[in-house]
1. Being within 18 Å of Ala80 (Cβ to Cβ) and either more than 20 Å from the chain's Cα centre (by Cα) or at pLDDT 90 or above (or both) is the requirement here; does Val116 meet it?
2. For the stretch 104-149, give me the residue count where each residue is touching a Ser or Thr at 6+ places or on another chain (Cβ under 7 Å) and either without any contact (Cβ under 8 Å) to a residue 60 or more places away in the chain or farther than 20 Å from Ile34 by Cβ (or both).
3. For the stretch 39-63, which positions are closer than 21 Å to Pro125 by Cβ and without any contact (Cβ under 8 Å) to a residue 12 or more places away in the chain?
Amino acid sequence: MKTKSKTKRAAPKKRVAAPKPAAPKHWTPVLHGISVVSYSVRDWERAKKFYGGTLGLPVAFAAEQVGWLEYGVAHQPTLAINKWESPDALPTGGAVAVLSCPDVRGTIAKLRAQGVRCDDAEQVPGMVIYGNVFDPEGNRLQLAQSLSR
């Protein structure tokens, strides 16, 4: 008959992951992070049917009177469609990353002083102040200062 050994095995050591460093509240003092990524669309009704119906995305914010609809959930970046009514071609480069910015006009002035190509800021009353900024390759980013939320 075999006898059991009375030596105790050491318990396996638990691996403890190093804690993640705390993320900063904002990317920089003037750029707070991505608020929305938008696509320009010509066929407004077809686009709404695709994003809201086919993909089933929830509407987070709607301003149909100005051709703007955001899909997503509260307190997270959203995916937007922008009704393109210009006879000009749709903007190149696909989607546009929209960065949250507390002072669009001031930030555009500072970027221009550094040689960055920027469009003048525009305002949709009661909704947003926004302005386009271009990277060295000509890709468009947009700065947006919310007036309504």
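1. No, not satisfied.
2. 2
3. Hit for the stretch 39-63 is Ala62, nothing else.
The values are calculated or read from the model by the stated rules, or taken from the named source; none is laboratory data. Here the structure is a predicted model, which means the values were calculated and not measured. As a convention, Cβ positions derive from the backbone with ideal geometry for all residues, glycine included, and neighbour counts pool all protein chains shown.
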